[in-house]
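The values are calculated or read from the model by the stated rules, or taken from the named source; none is laboratory data. Nothing here was measured: the structure is a model prediction, and the numbers come from that model. As a convention, Cβ positions derive from the backbone with ideal geometry for all residues, glycine included, and neighbour counts pool all protein chains shown. Surface areas here come from the heavy atoms of the whole protein model, side chains and all, with no ligands, DNA or RNA. Shrake-Rupley method; radii C 1.70, N 1.55, O 1.52, S 1.80 Å.
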Amino acid sequence: MTQQFDLFVSRKDAAVKAAGSSAMKRRPSTAPSEDDMVRRLHATGRYRILKKLEGRPVASAARPGFPLRGLILDTETTGLNHRKDEIIEIGAVAFTFDDAGNIGDVIDLYGGLQQPSISVPPEITRLTGITDEMVLGQKIDLHRLRAVVEPADLIIAHNAGFDRPFCEAFSPIFARKAWACSVSEIDWPARGFEGTKLGYLIGQAGYFHEGHWAVDDCFALLEVLAQGRAEVERSPFAELYGASQRSRIRLFAENSPFDMKEHLKARGYRWSDGSDGRPKSWWIEIAEEALDDELHYLRSEIYRWNEADPPIRRLTAFDRFKA
């Protein structure tokens, strides 16, 4: 029986409709690929795409040509004071590199939790996601950690001034190692970055990551360090490695006049109360080539005595960032 609505359709219209329906059935799918969607969104100039950061695989055998070993390390702790607070998590990712600072392969990794002697403070749980339940009965495997740390030619931390004192208080395996700081030893502003927090660097490098684990942060830092930009010849890691090879000078403005303290602060000097073994004085850390200019400043502007001879200490990567 003919349906009523068909009575009002001409044969020509019906033929066109049938042909169109048949064509639609035969038409292959034209859904854009993921790469096409990314390109189209970028082309509008109205979108910025972040790619999920995934850790590099651990190579079964390292490629030749990368004879040096680096170790990216991250810690989570119960607080900020390495003398009384404790490590509750360590993450480490080992990789190979060459003398020019080119990164080779990830060759090992370790991640472990440790139950502290106190409950994990609520503010630390909010910051790290680590709870008492997560660390209950947990202990960092020192034998496994030593296997990752000992072969390293350079340990990198994103704020080595924080991580190194905690690590050295935790185990002597860290004490005689060369350390580098990816916060202070890379000129991030020159590379177009406006901040140095790891989350910010990851985002501006075109990635995002969802991990709370220390190993995830190590992998994230590795990708940021490996990034290269057309306007900057060297990768951030190559710059960091170069900086680690140069000596630094720690200059102590010992016995400087009290009324000069604001001048020293404005120039970047920090105060040491002497409790950590340093002279009780204002101090600054500078590149070795800047020593003559800094001595001239102290002698002419602070001491106002040409024969002033403030204490200096030369630092290498082996003793930088110690407590």
Checklist entry - If one puts a single equal scatterer on every Cα of the chain and applies the Debye formula without solvent, what log₁₀ I(q)/I(0) results at q = 0.08, 0.14 Å⁻¹? => result -0.51, -1.19
Next on the checklist: List the residues, sorted by chain then number, that are 5 or more residues from TYR207 or on another chain and whose placed amide H is less than 5 Å from its amide H.
Outcome noted: LYS51
Checklist entry - What's the longest bit of the chain with no exposed chymotrypsin sites (Phe, Trp or Tyr not before Pro), using DSSP loop states and at most 14 other Cβ atoms within 10 Å as the test? => result 48-304
Checklist entry - Of the accessible area of the chain, with the probe set at 1.4 angstrom, what percent is carbon plus sulfur? => result 51 percent
Checklist entry - If contacts are Cα pairs under 8 angstrom and at least 6 residues apart, what is the relative contact order of the chain in percent? => result 16 percent
Checklist entry - For the chain, the longest stretch holding no GluC sites (Glu not before Pro) located in a DSSP loop with at most 11 other Cβ atoms within 10 Å is which? => result 55-193
Checklist outcome for this item: So, over other residues within a Cβ distance under 12 Å of MET134, counting Lys, Arg +1 and Asp, Glu -1, the net charge is -4
Checklist entry - Relative contact order for the range 158-198 using alpha-carbon pairs under 8 Å, separation at least 6, rounded to a whole percent? => result 41 percent
Next on the checklist: Per residue, how much accessible surface does the chain expose to a 1.4 Å probe? Answer in Å², no decimals.
Outcome noted: 59 Å²
Checklist entry - Taking K and R as +1 and D and E as -1, what net charge do the other residues with C-beta under 13 Å from the C-beta of LEU71 add up to? => result -1
Checklist outcome for this item: Binned at 5 Å starting from 0, the alpha-carbon pair-distance distribution of the range 103-213 in whole percents comes out as 2, 9, 14, 19, 21, 18, 12, 4, 1, 0
Checklist entry - What are the ³J(HN,Hα) values, in whole Hz, obtained from phi via the Karplus relation 6.51 cos²θ - 1.76 cosθ + 1.60 with θ = phi - 60°, for each residue of the range 169-182 in sequence order, with x given for Gly and Pro? => result 5, 6, 7, x, 5, 8, 6, 9, 9, 7, 10, 9, 10, 7
Next on the checklist: Test of understanding: express the Cα radius of gyration of the range 211-323 as a ratio to 2.2 N^0.38 Å, with N the residue count.
Outcome noted: 1.38
Checklist entry - For the cross-link pairs LYS84/LYS322; LYS51/LYS177; LYS52/LYS197; LYS139/LYS197, which exceed 24 Å when the distance is taken from alpha carbon to alpha carbon? => result LYS51/LYS177; LYS139/LYS197
Checklist outcome for this item: For the chain, the dipole about the Cα centre with charges only on Cβ (Lys and Arg +1, Asp and Glu -1), to the nearest 20 debye, works out at 1300 debye
